[in-house]
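K.L.:
Please read through the structure below; I'll follow up with questions.
The values are calculated or read from the model by the stated rules, or taken from the named source; none is laboratory data. Quick caveat: nothing in here was measured; it's all calculated off a predicted structure. Every residue, glycine as well, gets a Cβ built from its backbone with ideal geometry; the counts of neighbours run over all protein chains shown. Surface accessibility is based on the protein's heavy atoms, side chains included, excluding ligands, DNA and RNA. Shrake-Rupley method; radii C 1.70, N 1.55, O 1.52, S 1.80 Å.
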Amino acid sequence: MTELVEGLALAAVRDWLGCSRLAVHGAPGGGGWSSCTVLVEADDRPLVLRLAPTGRGMFGDHDLSVQVNCLRHVRAHGLPAPAVLATDLAGERLGRPGYAMERVPGRVPSDDDPPFTKAGFLFEAAPEAQRRFSTELVDRLAEVHRLPPLAGLPVGPSAADHLAWCQRQRGGVQDGRSPSGAPPVRGTDDDPLWRAYRLLARKPPRDQGPPALLWGDARPANTVVDDEFAVAGLLDWELAGTGAPEFDVSWLNEMNRMRAGTDPPLPGFLTEEQVWQRWSERTGRRPRARPWFRLFAAYRVAVLLELHLDERVRRGVLPAGHPVRTDNRATRRLTELIASH
């Protein structure tokens, strides 16, 4: 094997990592739509490589420094995050931006089909073990929100900024850091994303207190779970930002709901109300504007699914006119929430 993935030479990676032997174990399932993840062993040390896509990818901007800075920040403050071991953020050594981090021992809940809510080690675990993991995930998220925020993150801090980021992504703006005053992507009343945006923009919650560091994609599939069902690693900081911590809590609840689908949630998992209560106890904050943040989380899920489906069309794995692009679980969830908002 002379190449790692998409033209990246093994010799260049060996030289970059300073190792004599490099074994490639492929990519974890379900990934690769926004960036590329490759599992390797460098001189028998398990590592993970994260690489910018060769094409557009899901997002118009792929600044890997956001991930690197967040991983180093949360690790420096005692939270479980993999150590970043090498960076080439300009792509001068690898030919494309990338970084290498340690591979944390443990298991990662699946986002594939079937997801962790239908099969796998979490699904098969006793309710007590599921409860321990679910509770600790909320505790770790609360710890993230107590950290000093990072400067220079591309999303936030205001609710208007978070809305504008979603609108820019829908519009295909190449610079994810463009001003929050970018014109909105206009739609019709038949488009639930446009209807949700108008509802959310009509009365966003006011900022209260200093902005928190936001994980941006808090969900079980972005964790490493050890043998005791404790959280051993917080992964994937691609969507990190700053702002009200309710953004993260609402996102976690919405992602758990989406993964369960029409099936009942795992019996040991905290309910949405219990998640809010536990997070409030751990942070000493009272959650506010929960209906607004819930609608925003569902809107953001629908935006990201739209970007994912667009990327599948660009790669030729989904027909451009496939009905799932406009009628899917996320759009139906939005329609449901809009009707009750």
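K.L.:
For the pair R315 and A260, what calculated FRET efficiency results from E = 1/(1 + (r/R0)^6), where r is the Cβ-Cβ distance and R0 = 41 Å, to the nearest 0.05?
P.N.:
0.90
K.L.:
Pick from V317, V155, V66: which residue has the top mean-square fluctuation in a GNM of the chain where Cα pairs under 10 Å get a spring?
P.N.:
Among V317, V155, V66, the largest mean-square fluctuation in the Gaussian network model of the chain belongs to V317.
K.L.:
Once the mean 1/r over all distinct Cα pairs of segment 295-341 is inverted, what Kirkwood radius in angstroms do you read off?
P.N.:
Mean inverse Cα-Cα distance, inverted, gives 11.1 Å.
K.L.:
Whole-Hz ³J(HN,Hα) for each residue in segment 263-279, computed from phi via Karplus 6.51 cos²θ - 1.76 cosθ + 1.60 with θ = phi - 60°, x for glycine and proline: what do you get?
P.N.:
Result, rounded to whole Hz: 7, x, x, 4, x, x, 6, 4, 6, 4, 5, 5, 4, 4, 5, 5, 4.
K.L.:
Here's something else I'd like to know. Taking 0.36 nm per residue of sequence separation and subtracting the Cα-Cα distance, how much length would be gained by fully extending the chain between H77 and E102, in nm to one decimal?
P.N.:
Values: separation 25, 0.36 × 25 = 9.00 nm, distance 1.75 nm.
Result: 7.3 nm gained on full extension.
K.L.:
How large is the helix-only mean residue ellipticity at 222 nm for the chain, computed as the sum of -39500 (n - 2.57) over DSSP H runs with n ≥ 4, divided by its residue count, in deg cm²/dmol to the nearest 500?
P.N.:
On the way: 10 runs with 132 residues, N = 341.
Counting only the DSSP helices, I get -12500 deg cm²/dmol.
K.L.:
Would you mind working out the accessible area per residue for segment 193-341, using a 1.4 Å probe, and quoting it in Å²?
P.N.:
45 Å²
K.L.:
Can you give me the P(r) profile for segment 47-156? Cα pairs, bins 5 angstrom wide beginning at 0, each as a whole percent.
P.N.:
Cα pair-distance distribution for segment 47-156, in percent: 2, 10, 14, 17, 19, 18, 13, 6, 2, 0.
K.L.:
Please turn the phi angles of segment 125-131 into ³J(HN,Hα) values with the Karplus equation 6.51 cos²θ - 1.76 cosθ + 1.60 (θ = phi - 60°), one per residue in order, whole Hz, x for glycine and proline.
P.N.:
Those phi angles translate into 6, 5, x, 5, 5, 4, 5 Hz.
K.L.:
Mind checking the per residue accessible area of segment 1-141 for me, 1.4 Å probe, whole number of Å²?
P.N.:
Per-residue value: 45 Å².
K.L.:
Can I ask one more? Could you grab the Rg to Rh ratio for segment 194-239? Cα atoms only, Kirkwood for Rh.
P.N.:
1.18
K.L.:
A further question on this structure: Kindly rank 227-235, 249-257, 9-17 from highest to lowest mean number of other beta carbons found within 10 Å of each residue.
P.N.:
Ranking the peptides 227-235, 249-257, 9-17 by packing returns 249-257, 227-235, 9-17.
K.L.:
Pull up all non-local amide H partners of A86: gap of 5 or more, or a different chain, and H-to-H distance under 5 Å with H placed in the peptide plane.
P.N.:
A100
K.L.:
Say each of E281 and F123 gets a label point 7 Å from the Cα, pointing the same way as Cα to Cβ; how far apart are those two points in nm?
P.N.:
In this crude label model, E281 to F123 measures out at 3.0 nm.
K.L.:
Between E41 and T271, what is the spin-label point distance in nm, taking each point 7 Å from the Cα along the Cα→C-beta axis?
P.N.:
So the two model labels end up 4.7 nm from each other.
K.L.:
Taking a quarter of the surface of the Cα convex hull of the chain, what do you get in nm²?
P.N.:
Directional mean of the projected Cα hull area for the chain stands at 17.2 nm².
K.L.:
Taking the chain as a Gaussian network, where each spring joins two C-alpha atoms under 10 Å apart, which residue of V313, V48, V224 fluctuates the most?
P.N.:
The residue that fluctuates most here is V313.
K.L.:
Ignoring ligands, DNA and RNA, please state the percent of accessible area on segment 186-341 from carbon and sulfur, probe 1.4 Å.
P.N.:
Roughly 48 percent, rounded to a whole number.
K.L.:
Label-point separation (nm) for R206 and T54, each offset 7 Å from Cα along Cα-to-Cβ?
P.N.:
Going by the 7 Å Cα→Cβ label model, 5.3 nm.
K.L.:
Between A160 and H308, take the C-beta separation as r, use R0 = 25 Å, and let me know the FRET efficiency to the nearest 0.05.
P.N.:
0.50
K.L.:
OK, next. Using the Karplus curve 6.51 cos²θ - 1.76 cosθ + 1.60 with θ = phi - 60°, work out ³J(HN,Hα) for each residue of segment 43-50 in order, rounded to whole Hz, and write x for Gly and Pro.
P.N.:
6, 6, 9, x, 10, 10, 9, 10
K.L.:
Using the Kirkwood radius built from alpha carbon pairs, what does the Stokes-Einstein equation give as D for segment 206-341 at 10 °C and 1.306 mPa s, in µm² per second?
P.N.:
The estimated diffusion coefficient comes to 96 µm²/s.
K.L.:
Note down the net charge around R14, summing +1 for each Lys or Arg and -1 for each Asp or Glu among other residues with Cβ under 10 Å from its Cβ. Kindly include the intermediate steps, with their values, before the conclusion.
P.N.:
Details: positive: R21; negative: D15, D43.
That sum, taken over residues with Cβ under 10 Å, equals -1.
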